[in-house]
Amino acid sequence: MRNFWLLLSGILIMLTSCRKDFEFEPSTGDLEFSRDTVYLDTVFTNIGSSTYTLKVYNRSDRDIEIPQIQLGRGLDSKYRMTIDGMTGNNNRIFNNVELLANDSLYVFIEVTADVASANPTDFLYTDQILFDAGGNQQKVELVTLIQDAVFLYPQRFADGTTETLTLGEEEIYGFFLDEDDPVNGNEYHFTNQKPYVIYGYAAVATGKTLEIDPGARIHFHDASGLIVAGGGAVQAIGDYSADPELQENEIIFEGDRLEPMFAEVAGQWGAIWFTPGAAPSAFHHVTIKNGVIGLYVQANTGLLDIRNAKIFDHSNFGILGQSANIYGENIAINSAGQAALACTLGGSYEFRHSTFNNNWPSSRQVAVLLNNYFELDNVQTAYDLIKADFINCIIYGSNQVEFLADKAETDDKAFNFTMRNVLLRFNSSSPDIATHPLYQFTDGVRYINVIRNQGPRFYDIQRNRLYIDEESPAYQQGDATFMVPQDITGATRVAPPDLGAYKAAAFPED
């Protein structure tokens, strides 16, 4: 038996030793592609795109060699490629690329281009990937829209250091806006002529006001944001838009990745941050999305007035107030890692016709958090929660309890809040909660006409469309005495009004 296996092994060795290496034949123009045009979504001038994929197939039974794969503009192309991990000549020209029978290869494509390179009539930058040559040549089109922008970033000094901001004992990557910048002119006035792209934290100095026009677009790079010094202010006053999808008159704050795949990705930038003592400011008709914290308000001695605001997809908080003074109406907040709205360390707050929803995939997130202390080394420091009033609002989310009232142990600080005509998700079976003085929903003083645990029937939570229709339990449940005349879209409310930021209407057709 042993001799038999030795003989068989010898025969197999002889057979395999006779096999020739792969013999590749020249390609004959029969390649197939996963797409005939690769659209690389809109990018800002001189900012690199995401990586896009093209798959190339050899459907034949022959091992082939593609003499050349190259970009049509050659080494001058703004596009770059890698092919199955190979970089070729400067990521633009590849020679003698082998492809086995019934196999495929991956082409990964990126682009970094400026607006001057694009077609001046439509701002498209185009090229082609050319496969083979002569009569066998095949091609795949490449198309990218290049968008010009105003770029704001810290200065780099001659000694190699970079401009920073000092915040207490900490230095952060940032810069003060300039009223007379040699390139951008007055940086304290954001217009709607071009988008603004901010690197680091752009700071509003003491005594200065940043004015933002309707239709302005502000994009923040990773770990960037807007910071307002004590005595500084922001007046971001947009307007209603005729087309709710285009949002042509709204002011939009978001990250600087324009590809659709990033549209609802949280945590792409830092925060709009009001430091202690900031002057009265306003955000009207705005969308703030994709950051860590949408609006971060610290001990703001001036009122922050927020109206007709959509604040979506933040990794920590939609609005975080700390001893803040905030008035809001027609606010819609959805999806935040910790709380859609957090009113902490006391303060004064009033919200009318607002929708606070939180479907973040976590068992610990809440829609609304109230708090009047912080604790360090088991020692609490308490503050007065002067008021936190919710009128004609919806407070909901994916967890059973979406409202948390966290009062300091001491009784010498105020903890005042009320809910009037509110649709609330609070469904706890805990015996401690049943006797908790802050959650007595029938007391008629703190809780007035509160509807609990009835789903509001939002149109599409995943796409941040918190519309309701006439089947919603929020329909006509508001108090007309406190009615805001128009909803977040500009629709006229009638008495009795619906709860939340949106007037009930038939759902749109997508």
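The values are calculated or read from the model by the stated rules, or taken from the named source; none is laboratory data. Given the structure is predicted, the values throughout are model-derived calculations rather than measurements. Here the Cβ positions follow ideal geometry from the backbone for every residue, glycine too, while neighbour counts run over all protein chains shown. Protein only, heavy atoms only, side chains kept; ligands, DNA and RNA dropped before computing areas. Shrake-Rupley method; radii C 1.70, N 1.55, O 1.52, S 1.80 Å.
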Residue-averaged [θ]222 nm for the chain, counting only DSSP H segments that reach four residues, each worth -39500 (n - 2.57):
-1000 deg cm²/dmol
Would you rank 93, 237 by solvent-accessible area, highest first, keeping every protein chain in place and using a 1.4 Å probe?
237, 93
Based on alpha-carbon centroids, what's the gap between the range 151-197 and the range 480-496 in Å, whole number please?
41
Amide H contacts of residue 62 (H built 1.01 Å from N, under 5 Å, at least 5 apart or other chain):
102
How much length is gained if the chain between residue 248 and residue 489 is pulled fully straight, taking 0.36 nm per residue apart and subtracting their Cα-Cα distance, in nm to one decimal?
85.5 nm
Whole angstrom only: what separates the Cα centroid of the range 50-94 from the Cα centroid of the range 249-272?
32
Net charge of Cβ neighbours under 15 Å - reference residue 475; Lys, Arg +1; Asp, Glu -1
-3
Based on Cβ point charges of +1 for Lys and Arg and -1 for Asp and Glu, what charge dipole magnitude is obtained for the chain about its Cα centre, in debye rounded to the nearest 20?
1020
Whose amide H sits under 5 Å from the amide H of residue 385, counting only residues 5 or more places off or on another chain, with H placed in the peptide plane?
347, 414, 415, 416
Rounded tilt (10° steps) of 2-18 against the dominant C-alpha axis of the chain
90
Report the paramagnetic label zone for residue 62: residues of the range 69-110 whose backbone N is under 20 Å from a point 7 Å from Cα along the Cα-to-Cβ axis.
69, 95-105
Roughly to the nearest percent, how much of the accessible area of the chain is carbon and sulfur, given a 1.4 Å probe?
49
What is the total of Lys pairs in the chain with C-alpha atoms under 16 Å apart, excluding same-chain pairs fewer than 8 positions apart?
5
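Considering only protein heavy atoms, what per residue accessible area in square angstrom results for the chain with a 1.4 angstrom probe?
Here the residues of the chain average 46 Å² of exposed surface.
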The range 214-306: relative contact order in percent, alpha carbon pairs under 8 Å with at least 6 residues between
35
Once phi for every residue in the range 407-422 is put through the Karplus expression 6.51 cos²θ - 1.76 cosθ + 1.60 (θ = phi - 60°), the whole-Hz ³J(HN,Hα) values, with Gly and Pro written as x, are 8, 5, 5, 6, 9, 8, 10, 5, 9, 9, 8, 9, 10, 10, 6, 10
Here the range 276-289 yields Karplus 3J(HN,Hα) values (6.51, -1.76, 1.60; θ = phi - 60°; whole Hz; Gly and Pro given as x) of x, x, 4, 6, x, 9, 9, 10, 10, 6, 10, 10, 10, 8
Karplus 3J(HN,Hα) series, Hz, for the range 344-358 with 6.51 cos²θ - 1.76 cosθ + 1.60 (x for Gly, Pro):
10, 6, x, x, 9, 9, 9, 10, 10, 6, 10, 10, 10, 10, 9
Accessible area, 1.4 Å probe, largest first: how do 173, 349 sort?
173, 349
Relative contact order as a percentage, the chain, C-alpha pairs under 8 Å and 6+ apart, gives 7
Could you list which residues have their amide H under 5 Å from that of residue 359, counting only those 5 or more apart in sequence or on another chain, with H placed in the peptide plane?
335, 336, 398
